[in-house]
1. Does VAL306 qualify as being under 19 Å from ARG381 (Cα atoms), in contact (Cβ under 8 Å) with a residue 12 or more places away in the chain, surrounded by 15 or more Cβ atoms within 10 Å (Cβ to Cβ) and not aromatic (Phe, Trp, Tyr)?
2. Looking only at the range 327-346, how many residues end up being within 27 Å of LYS259 (Cβ to Cβ), hydrophobic (A, V, I, L, M, F, W, C) and either out of contact with any helix residue (DSSP H, G or I) (no Cβ under 9 Å at 6 or more places or on another chain) or modelled with pLDDT under 90 (or both)?
3. Mind listing whichever residues of the range 228-260 are of a type outside the set (Lys, Arg) and more than 28 Å from ILE296 (Cα to Cα)?
4. Within the range 35-55, how many residues are in a helix (DSSP H, G or I) and either touching a Lys or Arg at 6+ places or on another chain (Cβ under 8 Å) or at pLDDT below 90 (or both)?
5. Report, by residue number, each residue of the range 347-390 that is in a loop (DSSP other than H, G, I, E, B), at pLDDT 80 or above and within 19 Å of HIS328 (Cα to Cα).
6. Going by what's in this entry, would PRO423 be described as in the same structural domain as THR322 (by TED's automatic domain parsing) and either among the charged types (D, E, K, R) or touching a residue at least 40 places away in the same chain (Cβ under 8 Å) (or both)?
7. When only residues in the range 392-435 that are in a helix (DSSP H, G or I), aliphatic (A, V, I, L, M) and out of contact with any Ser or Thr (no Cβ under 7 Å at 6 or more places or on another chain) count, which is farthest from ARG449 (Cα to Cα)?
8. Exactly one of these conditions fails for LEU209: (1) outside any loop (DSSP other than H, G, I, E, B); (2) in the same structural domain as GLY286 (by TED's automatic domain parsing); (3) touching a helix residue (DSSP H, G or I) at 6+ places or on another chain (Cβ under 7 Å). Give me its number.
Amino acid sequence: MPKTVQRARRTGRTGKPAFDIDEILAWADAHHQRTGQWPTHNSGPIAEAPGDKWSHVDGALYAGCRGLPGGSSLPLLLRERRGRRSIGHVPDFTIKQILAWADAHHRRTDRWPNRDSGRIPEAAGERWSYVCAALHAGTRGLPGGSSLMELLHVRRGARDTLHPPRLTYKRILAWADAHRARTGEWPRQLSGPLDGLPDETWAAIDISLSRGKRGLPGDSSIARLLAKYRGHRNEKALSPYTIKQILVWADAHHRRTGKWPGQKSGPIREAPGESWQAVDLALGQGHRGCPGGDSIAKLLERYRNVRNRTHPPRLTIAQILTWADAHHRRTGRWPTQTSGPVAGARGEVWGNINMALAKGLRGLAGPGAPGSLAKLLAEKRRYRNRAALAPLRERHIVAWADAHRRRTGKWPTQASGLVYGVPGEKWANINTALRQGLRGLAGRDSLPRLLARFG
């Protein structure tokens, strides 16, 4: 059966086609015949194996995947199976040489090399993956059974990422104290590498605290550790609120400022770290022991009889008229939307009452609603509604003028004051309506001209 058919049928654990040593050698021979050179890690795609590259083969030979035993490499395979002369002499490695290359890499990059560190500039043609394979498999003059990480850990004190050093609460807290002394803040999970310990990160420490790794008991975190041993506020484990405590803070705020707190009242002086916004959010969304669906405004309305501006009490026509009558007795005038606060009605303003009448708010909607404060007073108290004055007729004006002349012996002018027998009308307003074409009149006229025409 052809190799290509066998390859299509065999798959490794990853679901990718498994490699076979004889198959790899056949591809290498074809590559050599075609190019005059033996393939290397960087020789690109394999013409006889669509979808695969020589780097895949080299990686599988080293890692022991896709059906291969591991601990080898493409250069080692070709050296062993195709003869040293066919691919040139491959020199042996020495531990001293490897360490020298690693020291140079560290000076250049400030990091120790690993299998994926690529080419070794100090050794033409060599790669760190070849060194790793030789250390593992015991080829190229090395004893085997080791790794680059283990070698650097033992001989250079490099961090063994597979076996990091054990941690203790005492050590973590000492690092946290140093972090705070340097930055002014306690560390968090996202605070990055530790100063002076680039291989150690706060994220890794937090994971170890949570999962019980590196000698720690688990079920903890940086935030919990700092809350317990340094008294730092843990925002993920805040104490629950109680209605009694919130009201104590609200009373203190009122005594201090003369006002009741709201969502935007800022920090709570009596509770460092707390804010009225956080309290309102917890009351609304049901956090920190609150049932939800509540707010600071609703709480103060229930327990301190504070007016809730977002849900003002319902209004009635009778109540509004009672307030209007009291306003008239006190000032001699009927209230308008600009008359300010309603005396004796905490939190009520005539402008808000007028808006509620106009928009049908606070229980004032429905058929027969007056639509405005002026309309209500015009209907119920015979108040002159300047926004809805009755139309004027020239014959009515002339009749009022005749009555004025009979009573006073003079024709009225715009300075004659009130129109006798017509409540709320003034001769000045009539003259303005004649001149400007208001209240149903044609305009461009005046009281003297009108009386001259009918005189």
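The values are calculated or read from the model by the stated rules, or taken from the named source; none is laboratory data. Just so you know, these numbers come straight off a predicted model, no measurement behind them. Ideal geometry is used to build each Cβ from the backbone, glycine not excepted, and the neighbour counts take in all protein chains shown.
1. Details: under 19 Å from ARG381 (Cα atoms): no; in contact (Cβ under 8 Å) with a residue 12 or more places away in the chain: yes; surrounded by 15 or more Cβ atoms within 10 Å (Cβ to Cβ): yes; not aromatic (Phe, Trp, Tyr): yes.
So VAL306 does not fit the description; no.
2. The number of residues fulfilling the criteria is 1.
3. If we filter the range 228-260 for residues that are of a type outside the set (Lys, Arg), which is where we start, we get 229, 231-232, 234-235, 237-243, 245-254, 257-258, 260.
Correct list: TYR229, GLY231.
4. Initially, the range 35-55 is screened for residues in a helix (DSSP H, G or I), giving 35, 54-55.
The next check asks that each one be either touching a Lys or Arg at 6+ places or on another chain (Cβ under 8 Å) or at pLDDT below 90 (or both); those that pass are 35.
Adding up the residues that qualify gives 1.
5. Result: GLU348, SER372.
6. No.
7. To start, the set of residues in the range 392-435 that are in a helix (DSSP H, G or I) comprises 394-408, 427-435.
Subsequent filtering for residues that are aliphatic (A, V, I, L, M) retains 397-399, 401, 403, 428, 430, 433-434.
When the remaining residues are screened for being out of contact with any Ser or Thr (no Cβ under 7 Å at 6 or more places or on another chain), the result is 397-399, 401, 403, 428, 430, 433.
On the way: ILE397: 12, VAL398: 11, ALA399: 15, ALA401: 13, ALA403: 18, ALA428: 14, ILE430: 13, ALA433: 13 Å.
By that ranking, first place goes to ALA403.
8. Here LEU209 clears every test but (2).
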